Structure formats: structure tokens, C-alpha cells
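Just below is one structure, and these are the notes that go with it.
The values are calculated or read from the model by the stated rules, or taken from the named source; none is laboratory data. Bear in mind that the values here come from a model prediction, so they are computed numbers and not experimental data. We place every Cβ from the backbone using ideal geometry, glycine too, and count neighbours over all the protein chains shown.
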Amino acid sequence: MGVRMVNIDFLPLLGGAQMHTMRLSRYLSQHGVEVQVITRHHPGLPRYETIDGVSIYRTPIWHPSKVIASISFTIHALRLLQSTRQDYQIIHSHEMLSPMTIGLTASRLGGARLVINPHRGGYLGDVYKLVKQRPITGKMRLRWARRRGDAFVAVSHEIATELGEAGIPRDKIWSIPYLLDTDHFSPTKDEYRRAIRSELGMQDGFWACFTGRLVAEKGLNVLLKAWETVVRHSPDANLVIVGDGDQRSHLEELSEIRGIEKRVRFTGAVTDTVQYLQASDVYVQPSFTEGLPISVLEAMACGLPVIATGVGGVTDLLSTGENGIVIPPHDPDCLSDCLLELLSNRNLRARLGNHGRQDVIAYCAVEKVGQAHLELYHHLVDGHPHSSQPGVEMPES
């Protein structure tokens with residue numbers, strides 16, 4: 001079987017959708033599927049390369065402006081898909097904007113089966129953008145997707161609900177979360193943890209951690225305001241922010257304004273965050289909107305207690321007092337209270353972290369999620385039957 005993954009951006013550009021696409025593609029390749037990722041080219045990256053058996057083709061971009069870049073990506077991707085039509089049976093479009101348009105056009109011209117995979121819900125999600133921000137062309141694309149899309153993958157209850165409200169038939173919606181290697185993302189023993197801290201230059205004491213893109217919707221300004229309160233009560237507490245993005249300089253300046261710059265560390269972009277997670281005591285996700293935050297999954301797999309805002313797929317994962325703490329967005333006082341509670345209660349940290357790891361293993365294990373995708377592809381290509389609620393059974397939100 002051949003599968004073509006269509007994604008606007010891809011590694012080494014970091015994000016949940018990019019990491020998931022690579023991990024899924026690697027799994028499929030290891031199970032005999034020929035996978036190619038089609039994405040946009042960025043300066044300094046090779047046009048073609050192979051990583052872990054997955055071939056990556058980066059299309060040229062005529063101009064950096066958003067509209068022209070989208071048009072050039074669409075045209076070049078369609079040319080590639082048409083020229084290699086005999087080599088694949090599935091197009092898996094990651095996003096409902098350009099990648100979906102590419103998939104809809106190529107599947108109609110060449111007859112491949114089309115999987116459409118939105119990665120975000122809420123006001124920054126694909127359905128919202130199509131319905132609210134593009135009231136004419138967006139609704140036309142949704143009608144086209146309802147007719148021509150063979151299956152839709154929802155990584156959270158929120159996205160599944162939005163797809164249903166947009167008119168996608170329920171039997172086309174497959175609920176499948178992100179795939180995660182819970183052997184790689186795992187807790188470490190105390191002696192190794194001390195060694196990791198030494199290697200990373202993290203002194204002894206309490207450490208909270210965030211990993212991800214430093215962009216406005218991640219709510220890091222709220223985290224810094226909450227951290228000011230934490231430091232006032234516990235002057236030796238430390239926060240490490242792992243990642244990069246267009247908000248970094250603003251956030252660094254904000255930490256100085258709040259007088260906490262000595263207690264906040266910015267690492268910049270990190271390809272593999274596992275050591276920072278293993279070295280930390282608590283994970284914090286203060287986002288305003290999410291799909292299924294892969295960083296939360298990784299933190300849970302490492303046995304960290306997680307404090308996260310109740311947006312998107314977070315409520316599929318976390319239940320306050322059982323395997324984490326769910327808080328409202330935009331609430332620095334609530335966030336600081338929860339941080340201080342976990343800072344002072346080692347037993348609570350251990351209990352929440354242990355339960356969180358057990359739940360994420362049951363939910364996102366590599367074999368379970370990988371097999372769900374293989375079941376989906378074989379259902380579309382070979383007509384294999386599936387259950388009335390296809391995909392992976394999600395926790396009740």
C-alpha cells in the first residue's frame with residue numbers, strides 16, 4: 001500500500017501535527033506501507049530526503065506571501081501526485097485548508113481514497129476558519145469535502161463534534177488520537193534525573209516545565225504572571241520554557257518586567273524534549289485553544305503531573321484530582337494556586353503523575369494508534385468492515 005501525507009509544514013519545523021505525521025509515517029513504513037510526505041520547502045532544507053524510511057518531498061514556494069505560497073504549494077503538490085498516481089492508494093491530508101484542497105482535487109482526478117485530518121478545534125481550528133472566516137469559499141470547500149472525503153480523522157471530541165455540526169456523516173468520522181512512543185517518553189529514576197539536570201544546567205529545586213511553540217495562543221503571558229506569584233511564595237522555584245516562536249523576545253522581556261528573569265529559563269528550539277520533561281517536577285499547558293496537545297501527552301507519559309487549561313482535547317485526557325488538574329484559560333490566579341499546591345505536595349504530584357502515565361499508555365500507545373490507522377486505510381482500499389464507532393475509543397470528556 002502507498003500513502004501520501006500532505007502537510008503544509010514538516011520537520012524540522014516543530015509542532016504537534018508535524019511530530020504526529022512523522023511518528024505515524026515511521027510506524028506505517030515499519031509495517032510495509034510506502035509513505036511519502038509532501039510539504040512546503042523552507043530555506044536551508046533539502047528538497048528531497050529520507051528519514052527513517054519515510055521519503056520527504058518539499059515543494060518550491062514562488063513567493064513568501066501567504067496567498068502565493070499556498071497557491072504554489074497546491075500546484076506543485078498536485079503535479080507530483082498526478083505524476084506518481086500509480087504508486088499510492090491513500091492521500092492523507094493534514095489540515096482542511098490547502099492540504100484538503102490538494103487531496104480533494106488529486107483524489108477526484110486520480111481515484112485515490114482521501115483521509116482528511118484537522119488538527120485543531122475552536123476559534124483557530126479548521127472548521128471555524130472555513131465557516132466563519134471564509135463564509136463563501138469555506139462553505140463551498142466543506143460541501144466538496146462532505147461529498148468527496150472518504151474519511152475524517154478527529155484527534156479530539158471537540159473536533160469530532162465540529163465535523164458533525166459541519167455536516168460530515170458520523171460513519172465517516174474516525175476518532176483516533178495522536179501516536180506516542182511511551183517507552184521513549186517515560187519517567188526516569190532519581191539518580192538519572194539528577195544527572196540529566198546537571199547535563200542541562202538545571203540546579204536542584206522545584207522545576208515547572210512548558211514545551212511547545214512560543215506563540216500567542218499558548219497563553220504563556222498568563223503563565224509568567226502566575227509564575228510571579230509562585231516566586232513570591234517560593235523564591236527558589238524555577239520555570240523552564242522549551243521551544244521557540246515569534247513571542248519569545250516579548251516573553252523574555254515580560255519576565256524581566258515582572259522581575260522573575262532569574263527564575264525563568266528559555267531554551268530555544270529543542271528537537272527532543274524528553275530530557276527536560278524527565279528533569280522537571282510539573283508540566284504546565286496554559287493554552288487558549290488546542291487540538292490534542294501532543295506536549296501534554298508527552299508530559300503525562302513521563303509521569304509528570306499536568307496542569308492544563310480545559311480547551312480542545314485536554315478534557316479528553318485530564319480529570320482534575322485523578323490524573324491531572326484542569327483549569328480555566330486566562331486565569332493566572334487559579335494557575336498560581338495549583339502550582340503552589342503541587343509544589344508543596346510531593347505525594348499529590350506522584351499520584352497524579354502515575355495515573356496520567358497509565359492513562360496515556362492506554363490511550364495513545366504506538367501499536368494501538370498505528371493499527372487504527374492501518375484499519376482505516378484497509379477499510380477504504382479493500383472494503384474491510386469496521387465498528388459502528390470507528391477508530392480508538394476516547395475517554396469520556
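Observations on the structure shown:
- Flag for residue 311 being modelled with pLDDT of 95 or more and in the same structural domain as residue 210 (by TED's automatic domain parsing): no
- Test: residue 142 is closer than 19 Å to residue 174 by Cβ, buried (at least 16 other Cβ atoms within 10 Å of the Cβ) and out of contact with any strand residue (DSSP E or B) (no Cβ under 8 Å at 6 or more places or on another chain): yes
- The conditions of being surrounded by 21 or more Cβ atoms within 10 Å (Cβ to Cβ), in a loop (DSSP other than H, G, I, E, B) and in contact with a strand residue (DSSP E or B) (Cβ under 7 Å, 6 or more places away or on another chain) are not met by residue 73.
- Among residues of the range 32-41, those that are in a strand (DSSP E or B) and more than 21 Å from the chain's Cα centre (by Cα), counted: 1
Each row is one residue, and each column tells you yes or no for (1) touching a residue at least 12 places away in the same chain (Cβ under 8 Å); (2) over 30 Å from residue 374 (Cβ atoms).
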{"residue": "138", "(1), (2)": "no, yes"}
{"residue": "141", "(1), (2)": "yes, no"}
{"residue": "162", "(1), (2)": "yes, no"}
{"residue": "182", "(1), (2)": "yes, no"}
{"residue": "185", "(1), (2)": "yes, no"}
{"residue": "225", "(1), (2)": "yes, yes"}
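- Selection status of residue 87, at negative phi and surrounded by fewer than 21 Cβ atoms within 10 Å (Cβ to Cβ): yes
- Scan of the range 82-91 for residues that are assigned to a helix (DSSP H, G or I) and out of contact with any Gly (no Cβ under 8 Å at 6 or more places or on another chain), ordered by number: 83, 86
- Failed item in (1) within 20 Å of residue 12 (Cβ to Cβ); (2) loosely packed, with under 13 Cβ neighbours inside 10 Å, with residue 68 passing the rest: (1)
- In the range 74-98, the residue that is modelled with the highest pLDDT out of those that are of a type in the set (Gly, Ala, Ser) and out of contact with any Phe, Trp or Tyr (no Cβ under 9 Å at 6 or more places or on another chain) is 93.
- In the range 277-299, residue surrounded by the most Cβ atoms within 10 Å (Cβ to Cβ) [restricted to those that are in contact with a strand residue (DSSP E or B) (Cβ under 9 Å, 6 or more places away or on another chain), part of a helix (DSSP H, G or I) and not hydroxyl-bearing (Ser, Thr, Tyr)]: 299
- When the test is whether a residue is surrounded by 16 or more Cβ atoms within 10 Å (Cβ to Cβ), over 19 Å from residue 299 (Cβ atoms) and β-branched (Val, Ile, Thr), residue 229 passes it.
- Search result, residues across the range 42-69 that are assigned to a helix (DSSP H, G or I) and either touching a residue at least 40 places away in the same chain (Cβ under 8 Å) or hydrophobic (A, V, I, L, M, F, W, C) (or both): 67, 68, 69
- Reported count of residues in the range 239-276, each being closer than 20 Å to residue 17 by Cβ and part of a helix (DSSP H, G or I), is 1.
- So residue 270, is it surrounded by 19 or more Cβ atoms within 10 Å (Cβ to Cβ) and touching a residue at least 24 places away in the same chain (Cβ under 8 Å): no
- Yes/no for residue 1 being over 26 Å from residue 185 (Cβ atoms), crowded, with 16+ Cβ neighbours inside 10 Å and in contact (Cβ under 8 Å) with a residue 24 or more places away in the chain: yes
- Residue that is among the charged types (D, E, K, R), in contact with a His (Cβ under 6 Å, 6 or more places away or on another chain) and in the same structural domain as residue 141 (by TED's automatic domain parsing), where the choices are 40, 58, 85, 26: 58
- Residue 231 in contact (Cβ under 8 Å) with a residue 24 or more places away in the chain, part of a helix (DSSP H, G or I) and either aromatic (Phe, Trp, Tyr) or under 22 Å from residue 342 (Cβ atoms) (or both): yes
Let's see how each residue does on (1) aliphatic (A, V, I, L, M); (2) surrounded by fewer than 22 Cβ atoms within 10 Å (Cβ to Cβ); (3) not assigned by TED's automatic domain parsing to the domain that holds residue 287:
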residue	(1), (2), (3)
126	no, no, yes
130	yes, no, yes
146	no, yes, yes
161	no, yes, yes
164	no, yes, yes
198	no, yes, no
204	no, yes, no
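- Test: residue in the range 327-340 that is under 26 Å from residue 121 (Cβ atoms), surrounded by fewer than 16 Cβ atoms within 10 Å (Cβ to Cβ) and either in contact with a Pro (Cβ under 6 Å, 6 or more places away or on another chain) or not hydrophobic (A, V, I, L, M, F, W, C) (or both): yes
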